[in-house]
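Student: Structure below; questions to follow.
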Amino acid sequence: MVEPVRPWRRHVRWLWLSLMSFTALMLLIAYQTRWVYPEIHAYFSQSGNLTGQQLATRARGYLQEGLDLLLTLPSDADTRQQAHFQIKLAYSLFDIGLYRREYDCTGPSLAAMDNLLLRLQGDGPVQVSHLRESLLEPMRCLTQIEMHQLDRRSAVTSEFVDKTRHHQGQVLVGSLVIFVLGLGFWFMHELQRRRAAKSARESLEWMTRALRDPLTGVGNRSALHDDVVASQGRAMGMLLVDIDYFKQYNDSLGHPDGDRLLRRLVQLIEDTLVHEARLYRMGGDEFAVLFDCVDDEALSETCRSVVEELRAADIPHPSHPHSSHVTFSVGAVRFNASHAELDAAYTAADAALYQVKTEGRDDWAIATLDTSRVAG
(Lines give C-alpha, C1' and ligand atoms only; values in the text may rest on other atoms or scores of the structure.)
Protein backbone atom coordinates (compact mmCIF):
# COMPACT_ATOMS: atom_id res chain seq x y z
CA MET A 1 0.00 0.00 0.00
CA VAL A 2 1.40 3.39 -0.98
CA GLU A 3 1.79 5.76 1.96
CA PRO A 4 -0.07 9.04 1.33
CA VAL A 5 1.96 12.24 1.11
CA ARG A 6 1.59 14.24 4.29
CA PRO A 7 0.35 17.83 3.91
CA TRP A 8 3.44 19.40 5.50
CA ARG A 9 5.64 17.51 3.04
CA ARG A 10 3.69 19.00 0.13
CA HIS A 11 4.17 22.46 1.63
CA VAL A 12 7.91 21.90 1.95
CA ARG A 13 8.14 20.53 -1.59
CA TRP A 14 6.42 23.50 -3.22
CA LEU A 15 8.34 25.97 -1.07
CA TRP A 16 11.62 24.21 -1.90
CA LEU A 17 10.87 24.36 -5.63
CA SER A 18 10.11 28.08 -5.34
CA LEU A 19 13.38 28.77 -3.53
CA MET A 20 15.32 26.67 -6.05
CA SER A 21 13.76 28.61 -8.93
CA PHE A 22 14.72 31.98 -7.51
CA THR A 23 18.20 30.65 -6.66
CA ALA A 24 18.60 29.54 -10.28
CA LEU A 25 17.57 33.03 -11.37
CA MET A 26 20.25 34.58 -9.19
CA LEU A 27 22.86 32.16 -10.54
CA LEU A 28 21.85 33.00 -14.10
CA ILE A 29 22.23 36.71 -13.43
CA ALA A 30 25.61 36.09 -11.78
CA TYR A 31 26.71 34.05 -14.80
CA GLN A 32 25.63 36.87 -17.10
CA THR A 33 27.79 39.29 -15.15
CA ARG A 34 30.78 36.94 -15.11
CA TRP A 35 30.43 36.26 -18.84
CA VAL A 36 30.01 39.83 -20.05
CA TYR A 37 32.80 41.48 -18.04
CA PRO A 38 35.70 39.38 -19.46
CA GLU A 39 34.34 39.90 -22.97
CA ILE A 40 34.20 43.67 -22.50
CA HIS A 41 37.67 43.62 -21.02
CA ALA A 42 39.03 41.60 -23.95
CA TYR A 43 37.55 43.90 -26.61
CA PHE A 44 37.78 47.33 -25.04
CA SER A 45 40.72 47.29 -22.61
CA GLN A 46 44.05 48.90 -23.46
CA SER A 47 45.70 45.59 -24.29
CA GLY A 48 45.30 43.11 -27.13
CA ASN A 49 45.81 43.17 -30.89
CA LEU A 50 42.64 45.01 -31.72
CA THR A 51 42.44 47.41 -28.77
CA GLY A 52 44.34 50.40 -27.49
CA GLN A 53 46.79 52.41 -29.59
CA GLN A 54 47.83 50.47 -32.72
CA LEU A 55 51.45 49.94 -33.75
CA ALA A 56 50.74 51.38 -37.19
CA THR A 57 49.41 54.57 -35.65
CA ARG A 58 52.45 54.96 -33.45
CA ALA A 59 54.81 54.17 -36.34
CA ARG A 60 53.13 56.75 -38.51
CA GLY A 61 53.48 59.30 -35.72
CA TYR A 62 57.23 58.70 -35.38
CA LEU A 63 57.62 58.80 -39.13
CA GLN A 64 55.76 62.12 -39.31
CA GLU A 65 57.95 63.59 -36.56
CA GLY A 66 61.11 62.50 -38.38
CA LEU A 67 59.86 64.00 -41.63
CA ASP A 68 59.01 67.31 -39.91
CA LEU A 69 62.55 67.51 -38.49
CA LEU A 70 64.17 66.89 -41.86
CA LEU A 71 61.96 69.43 -43.58
CA THR A 72 62.87 72.03 -40.94
CA LEU A 73 66.70 71.71 -40.89
CA PRO A 74 67.75 69.09 -43.44
CA SER A 75 71.48 69.96 -43.22
CA ASP A 76 71.86 70.17 -39.43
CA ALA A 77 73.70 67.14 -38.04
CA ASP A 78 71.79 67.05 -34.76
CA THR A 79 68.49 67.38 -36.57
CA ARG A 80 69.44 64.55 -38.93
CA GLN A 81 70.42 62.43 -35.93
CA GLN A 82 67.06 63.06 -34.22
CA ALA A 83 65.21 62.38 -37.45
CA HIS A 84 67.20 59.16 -37.88
CA PHE A 85 66.13 58.08 -34.40
CA GLN A 86 62.43 58.83 -35.02
CA ILE A 87 62.42 56.99 -38.35
CA LYS A 88 64.26 54.07 -36.77
CA LEU A 89 61.53 53.83 -34.10
CA ALA A 90 58.87 53.91 -36.81
CA TYR A 91 60.73 51.19 -38.70
CA SER A 92 60.89 48.92 -35.63
CA LEU A 93 57.15 49.26 -35.03
CA PHE A 94 56.37 48.79 -38.71
CA ASP A 95 58.57 45.75 -39.17
CA ILE A 96 56.37 42.99 -37.62
CA GLY A 97 55.28 39.67 -39.02
CA LEU A 98 51.56 40.50 -38.97
CA TYR A 99 52.00 43.52 -41.26
CA ARG A 100 54.39 41.64 -43.60
CA ARG A 101 51.90 38.75 -43.93
CA GLU A 102 48.68 40.71 -44.34
CA TYR A 103 49.72 43.86 -46.20
CA ASP A 104 51.65 43.76 -49.51
CA CYS A 105 52.76 47.34 -49.15
CA THR A 106 54.78 46.58 -46.03
CA GLY A 107 57.87 45.18 -47.79
CA PRO A 108 58.42 48.07 -50.27
CA SER A 109 57.68 50.61 -47.57
CA LEU A 110 60.28 49.12 -45.23
CA ALA A 111 62.81 49.05 -48.06
CA ALA A 112 62.21 52.76 -48.75
CA MET A 113 62.60 53.58 -45.06
CA ASP A 114 65.76 51.49 -44.85
CA ASN A 115 67.22 53.35 -47.84
CA LEU A 116 66.40 56.71 -46.19
CA LEU A 117 68.06 55.63 -42.96
CA LEU A 118 71.26 54.82 -44.86
CA ARG A 119 71.21 58.24 -46.49
CA LEU A 120 70.77 59.93 -43.11
CA GLN A 121 73.83 58.11 -41.75
CA GLY A 122 75.94 59.51 -44.59
CA ASP A 123 77.24 63.03 -44.98
CA GLY A 124 75.49 63.83 -48.24
CA PRO A 125 72.55 66.19 -48.37
CA VAL A 126 69.01 64.83 -48.36
CA GLN A 127 66.78 66.43 -50.92
CA VAL A 128 63.17 67.29 -50.04
CA SER A 129 61.95 65.53 -53.14
CA HIS A 130 63.89 62.43 -52.15
CA LEU A 131 62.35 62.58 -48.65
CA ARG A 132 58.86 62.65 -50.15
CA GLU A 133 59.61 59.74 -52.44
CA SER A 134 61.15 57.73 -49.57
CA LEU A 135 58.36 58.34 -47.05
CA LEU A 136 55.29 58.71 -49.22
CA GLU A 137 54.84 54.96 -49.70
CA PRO A 138 55.40 54.11 -45.96
CA MET A 139 52.95 56.82 -44.91
CA ARG A 140 50.35 55.58 -47.37
CA CYS A 141 50.91 51.98 -46.26
CA LEU A 142 50.64 52.82 -42.57
CA THR A 143 47.45 54.76 -43.22
CA GLN A 144 46.04 51.77 -45.10
CA ILE A 145 46.93 49.51 -42.17
CA GLU A 146 45.29 51.89 -39.71
CA MET A 147 42.08 52.04 -41.73
CA HIS A 148 41.98 48.29 -42.12
CA GLN A 149 42.59 47.81 -38.40
CA LEU A 150 39.83 50.30 -37.66
CA ASP A 151 37.46 48.34 -39.89
CA ARG A 152 38.43 45.14 -38.14
CA ARG A 153 37.84 46.71 -34.75
CA SER A 154 34.42 47.94 -35.87
CA ALA A 155 33.56 44.48 -37.17
CA VAL A 156 34.68 42.82 -33.94
CA THR A 157 32.81 45.39 -31.86
CA SER A 158 29.66 44.90 -33.93
CA GLU A 159 29.99 41.13 -33.58
CA PHE A 160 30.46 41.47 -29.84
CA VAL A 161 27.42 43.75 -29.53
CA ASP A 162 25.28 41.29 -31.52
CA LYS A 163 26.56 38.38 -29.50
CA THR A 164 25.97 40.21 -26.23
CA ARG A 165 22.48 41.25 -27.30
CA HIS A 166 21.66 37.68 -28.26
CA HIS A 167 23.06 36.35 -25.02
CA GLN A 168 21.18 38.94 -22.98
CA GLY A 169 18.01 38.03 -24.79
CA GLN A 170 18.53 34.41 -23.83
CA VAL A 171 19.23 35.41 -20.25
CA LEU A 172 16.11 37.58 -20.19
CA VAL A 173 13.91 34.81 -21.55
CA GLY A 174 15.48 32.30 -19.17
CA SER A 175 15.03 34.69 -16.26
CA LEU A 176 11.38 35.24 -17.11
CA VAL A 177 10.79 31.51 -17.40
CA ILE A 178 12.50 30.84 -14.08
CA PHE A 179 10.66 33.73 -12.45
CA VAL A 180 7.30 32.51 -13.72
CA LEU A 181 8.12 28.98 -12.55
CA GLY A 182 9.10 30.33 -9.17
CA LEU A 183 5.84 32.25 -8.91
CA GLY A 184 3.97 29.16 -10.03
CA PHE A 185 5.64 26.99 -7.41
CA TRP A 186 5.03 29.64 -4.76
CA PHE A 187 1.38 29.88 -5.82
CA MET A 188 1.04 26.10 -5.57
CA HIS A 189 2.63 26.23 -2.12
CA GLU A 190 0.26 29.00 -1.02
CA LEU A 191 -2.73 27.18 -2.52
CA GLN A 192 -1.73 23.98 -0.75
CA ARG A 193 -1.25 25.88 2.51
CA ARG A 194 -4.68 27.51 2.23
CA ARG A 195 -6.30 24.20 1.41
CA ALA A 196 -4.66 22.62 4.45
CA ALA A 197 -5.71 25.55 6.65
CA LYS A 198 -9.27 25.33 5.31
CA SER A 199 -9.33 21.58 5.88
CA ALA A 200 -8.05 22.07 9.43
CA ARG A 201 -10.72 24.72 10.10
CA GLU A 202 -13.44 22.50 8.68
CA SER A 203 -12.21 19.56 10.75
CA LEU A 204 -12.16 21.73 13.86
CA GLU A 205 -15.65 23.05 13.10
CA TRP A 206 -16.89 19.53 12.49
CA MET A 207 -15.36 18.36 15.76
CA THR A 208 -16.89 21.35 17.55
CA ARG A 209 -20.30 20.64 16.04
CA ALA A 210 -19.94 16.98 16.94
CA LEU A 211 -19.49 17.99 20.60
CA ARG A 212 -22.30 20.60 20.69
CA ASP A 213 -26.06 20.34 20.87
CA PRO A 214 -27.39 22.07 17.71
CA LEU A 215 -30.54 23.39 19.41
CA THR A 216 -29.15 24.99 22.57
CA GLY A 217 -25.47 25.37 21.68
CA VAL A 218 -24.27 23.62 24.85
CA GLY A 219 -22.16 20.46 24.93
CA ASN A 220 -23.42 16.92 24.46
CA ARG A 221 -22.61 13.58 26.10
CA SER A 222 -19.32 13.30 24.22
CA ALA A 223 -18.30 16.78 25.33
CA LEU A 224 -19.11 15.90 28.96
CA HIS A 225 -16.92 12.82 28.76
CA ASP A 226 -14.02 14.73 27.14
CA ASP A 227 -14.20 17.55 29.71
CA VAL A 228 -14.21 15.12 32.62
CA VAL A 229 -11.19 13.28 31.22
CA ALA A 230 -9.43 16.62 30.61
CA SER A 231 -10.03 17.53 34.30
CA GLN A 232 -8.39 14.31 35.52
CA GLY A 233 -8.09 14.19 39.34
CA ARG A 234 -9.92 17.43 40.10
CA ALA A 235 -12.83 17.59 42.57
CA MET A 236 -15.93 18.13 40.46
CA GLY A 237 -19.64 18.54 41.03
CA MET A 238 -22.25 17.31 38.57
CA LEU A 239 -25.93 18.21 38.40
CA LEU A 240 -28.54 16.39 36.36
CA VAL A 241 -31.40 18.79 35.66
CA ASP A 242 -34.73 17.62 34.31
CA ILE A 243 -37.65 19.88 33.33
CA ASP A 244 -40.79 18.73 35.07
CA TYR A 245 -43.64 17.74 32.76
CA PHE A 246 -41.86 18.93 29.65
CA LYS A 247 -43.88 16.58 27.41
CA GLN A 248 -47.11 18.18 28.61
CA TYR A 249 -45.61 21.61 27.90
CA ASN A 250 -44.88 20.55 24.31
CA ASP A 251 -48.31 18.98 23.89
CA SER A 252 -50.09 22.12 24.96
CA LEU A 253 -47.91 24.82 23.37
CA GLY A 254 -46.18 22.99 20.54
CA HIS A 255 -42.59 21.95 19.86
CA PRO A 256 -41.36 25.41 18.71
CA ASP A 257 -42.32 26.82 22.13
CA GLY A 258 -40.68 23.80 23.72
CA ASP A 259 -37.46 24.52 21.86
CA ARG A 260 -37.56 28.15 22.93
CA LEU A 261 -38.09 27.02 26.54
CA LEU A 262 -35.00 24.80 26.37
CA ARG A 263 -32.86 27.68 25.12
CA ARG A 264 -34.29 30.02 27.75
CA LEU A 265 -33.57 27.59 30.56
CA VAL A 266 -29.99 27.09 29.34
CA GLN A 267 -29.49 30.86 29.49
CA LEU A 268 -31.04 30.98 32.96
CA ILE A 269 -28.69 28.30 34.31
CA GLU A 270 -25.65 29.98 32.76
CA ASP A 271 -26.65 33.35 34.24
CA THR A 272 -27.28 31.78 37.64
CA LEU A 273 -23.89 30.11 37.84
CA VAL A 274 -22.09 33.14 36.34
CA HIS A 275 -20.14 30.99 33.86
CA GLU A 276 -18.61 28.91 36.66
CA ALA A 277 -20.16 25.77 35.19
CA ARG A 278 -20.36 24.02 31.83
CA LEU A 279 -23.70 22.79 30.50
CA TYR A 280 -24.47 19.68 28.47
CA ARG A 281 -27.71 18.46 26.95
CA MET A 282 -28.01 14.75 27.62
CA GLY A 283 -31.10 14.33 25.50
CA GLY A 284 -34.69 15.58 25.44
CA ASP A 285 -35.24 17.87 28.44
CA GLU A 286 -32.38 16.56 30.58
CA PHE A 287 -29.20 18.62 31.12
CA ALA A 288 -25.97 18.05 32.98
CA VAL A 289 -23.99 20.76 34.74
CA LEU A 290 -20.29 20.26 35.48
CA PHE A 291 -18.21 22.55 37.71
CA ASP A 292 -15.35 22.56 40.20
CA CYS A 293 -16.63 21.59 43.64
CA VAL A 294 -14.57 20.96 46.79
CA ASP A 295 -17.32 20.10 49.32
CA ASP A 296 -20.99 19.17 49.68
CA GLU A 297 -21.86 22.64 50.97
CA ALA A 298 -20.87 24.23 47.63
CA LEU A 299 -22.76 21.50 45.79
CA SER A 300 -25.90 22.17 47.87
CA GLU A 301 -25.66 25.90 47.26
CA THR A 302 -25.44 25.35 43.50
CA CYS A 303 -28.50 23.11 43.49
CA ARG A 304 -30.48 25.61 45.56
CA SER A 305 -29.51 28.48 43.28
CA VAL A 306 -30.62 26.68 40.12
CA VAL A 307 -34.00 25.63 41.53
CA GLU A 308 -34.80 28.96 43.20
CA GLU A 309 -33.79 31.06 40.19
CA LEU A 310 -36.20 29.07 38.03
CA ARG A 311 -38.96 29.61 40.58
CA ALA A 312 -38.19 33.32 40.59
CA ALA A 313 -38.33 33.44 36.77
CA ASP A 314 -41.97 32.31 36.99
CA ILE A 315 -42.11 30.90 33.45
CA PRO A 316 -45.75 29.85 32.75
CA HIS A 317 -46.49 26.16 32.33
CA PRO A 318 -50.16 25.68 31.33
CA SER A 319 -50.13 21.89 31.71
CA HIS A 320 -48.19 21.50 34.97
CA PRO A 321 -50.41 19.43 37.32
CA HIS A 322 -48.96 20.91 40.54
CA SER A 323 -47.78 24.42 39.60
CA SER A 324 -48.52 27.32 37.31
CA HIS A 325 -44.87 27.76 36.29
CA VAL A 326 -41.99 25.64 34.95
CA THR A 327 -40.05 23.71 37.59
CA PHE A 328 -36.83 21.69 37.80
CA SER A 329 -35.92 18.40 39.38
CA VAL A 330 -32.22 18.20 40.19
CA GLY A 331 -29.96 15.33 41.21
CA ALA A 332 -26.35 16.06 42.17
CA VAL A 333 -23.14 14.27 43.06
CA ARG A 334 -19.52 15.17 43.87
CA PHE A 335 -16.63 13.07 42.49
CA ASN A 336 -13.01 13.11 41.42
CA ALA A 337 -12.84 13.61 37.68
CA SER A 338 -11.76 10.51 35.79
CA HIS A 339 -13.09 8.20 33.13
CA ALA A 340 -13.61 5.45 35.68
CA GLU A 341 -15.69 7.56 38.11
CA LEU A 342 -17.80 9.35 35.49
CA ASP A 343 -20.23 6.45 34.95
CA ALA A 344 -20.61 5.89 38.68
CA ALA A 345 -21.14 9.59 39.32
CA TYR A 346 -23.74 9.82 36.57
CA THR A 347 -25.59 6.78 37.92
CA ALA A 348 -25.61 8.24 41.44
CA ALA A 349 -26.86 11.67 40.25
CA ASP A 350 -29.54 10.00 38.13
CA ALA A 351 -30.70 7.99 41.13
CA ALA A 352 -30.97 11.19 43.18
CA LEU A 353 -32.91 12.83 40.34
CA TYR A 354 -35.32 9.87 40.21
CA GLN A 355 -35.98 10.13 43.93
CA VAL A 356 -36.80 13.83 43.56
CA LYS A 357 -39.28 13.01 40.83
CA THR A 358 -40.96 10.29 42.87
CA GLU A 359 -41.30 12.66 45.84
CA GLY A 360 -43.14 15.40 43.98
CA ARG A 361 -40.53 17.16 41.77
CA ASP A 362 -39.55 20.87 41.97
CA ASP A 363 -36.68 20.02 44.35
CA TRP A 364 -33.10 18.83 44.48
CA ALA A 365 -31.11 16.06 46.13
CA ILE A 366 -27.42 15.11 46.52
CA ALA A 367 -26.11 11.57 46.25
CA THR A 368 -22.71 10.05 46.93
CA LEU A 369 -21.08 7.42 44.82
CA ASP A 370 -22.43 4.75 47.16
CA THR A 371 -25.94 6.08 46.23
CA SER A 372 -26.73 7.30 49.75
CA ARG A 373 -28.93 10.43 49.68
CA VAL A 374 -28.91 13.82 51.34
CA ALA A 375 -32.26 15.57 50.89
CA GLY A 376 -32.64 19.16 49.75
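Student: Looking only at region 263-277, which residues are surrounded by fewer than 19 Cβ atoms within 10 Å (Cβ to Cβ), assigned to a loop (DSSP other than H, G, I, E, B) and of a type in the set (A, V, I, L, M, F, W, C)?
Tutor: Of everything in region 263-277, just one residue is surrounded by fewer than 19 Cβ atoms within 10 Å (Cβ to Cβ), assigned to a loop (DSSP other than H, G, I, E, B) and of a type in the set (A, V, I, L, M, F, W, C), namely V274.
Student: For the structure I just gave you, tell me whether R260 is assigned to a helix (DSSP H, G or I), more than 30 Å from E341 (Cα to Cα), in the same structural domain as A340 (by TED's automatic domain parsing) and at pLDDT 90 or above.
Tutor: Taking the combined requirement at face value, the residue satisfies it.
Student: With respect to the numbered conditions (1) crowded, with 22+ Cβ neighbours inside 10 Å; (2) within 47 Å of the chain's Cα centre (by Cα), which one is the sole condition not fulfilled by D292?
Tutor: D292 satisfies all of (1) crowded, with 22+ Cβ neighbours inside 10 Å; (2) within 47 Å of the chain's Cα centre (by Cα) except (1).
Yes or no, residue by residue, for (1) in the same structural domain as L98 (by TED's automatic domain parsing); (2) free of Cβ contacts under 8 Å to residues at least 12 places away in the same chain; (3) surrounded by fewer than 17 Cβ atoms within 10 Å (Cβ to Cβ):
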residue: D151; (1), (2), (3): yes, yes, yes
residue: T157; (1), (2), (3): yes, no, yes
residue: V161; (1), (2), (3): yes, yes, yes
residue: Q170; (1), (2), (3): yes, yes, yes
residue: G184; (1), (2), (3): yes, yes, yes
residue: V228; (1), (2), (3): no, no, no
residue: Q232; (1), (2), (3): no, no, yes
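Student: Considering every residue within region 77-90, establish whether at least one is touching a Cys at 6+ places or on another chain (Cβ under 7 Å) and small (G, A, S).
Tutor: Within region 77-90 (the criterion being touching a Cys at 6+ places or on another chain (Cβ under 7 Å) and small (G, A, S)), the answer is no, since none of the residues qualifies.
Student: State all residues of region 212-239 that are more than 43 Å from the chain's Cα centre (by Cα) and in a loop (DSSP other than H, G, I, E, B); if no residue qualifies, say none.
Tutor: Those that are more than 43 Å from the chain's Cα centre (by Cα) and in a loop (DSSP other than H, G, I, E, B): G233, R234.
Student: So, one more: Going residue by residue through region 348-367, is there one that turns out to be touching a residue at least 40 places away in the same chain (Cβ under 8 Å), in the same structural domain as Q267 (by TED's automatic domain parsing) and polar (S, T, N, Q)?
Tutor: no
Student: Right, here's the next one. Restricting to region 278-291, count the residues that are among the acidic types (D, E), assigned to a strand (DSSP E or B) and either over 22 Å from V228 (Cα atoms) or modelled with pLDDT under 90 (or both).
Tutor: 0
Student: Find all pairs meeting these conditions: Cβ atoms under 6 angstrom apart; at least six residues apart or on different chains; first residue within region 95-112 and in the same structural domain as I145 (by TED's automatic domain parsing) and at positive phi; second residue surrounded by 15 or more Cβ atoms within 10 Å (Cβ to Cβ) and hydrophobic (A, V, I, L, M, F, W, C).
Tutor: From residues that are in the same structural domain as I145 (by TED's automatic domain parsing) and at positive phi, there are no pairs.
Student: With the checklist (1) part of a helix (DSSP H, G or I); (2) in contact with an Asp or Glu (Cβ under 8 Å, 6 or more places away or on another chain); (3) touching a residue at least 60 places away in the same chain (Cβ under 8 Å) in hand, flag the one item D242 doesn't pass.
Tutor: (1)
The values are calculated or read from the model by the stated rules, or taken from the named source; none is laboratory data. Being a predicted model, the structure only gives us computed values, none of them experimental. Here Cβ is always computed from backbone atoms with ideal geometry, including for glycine, and neighbour counts include all displayed protein chains.
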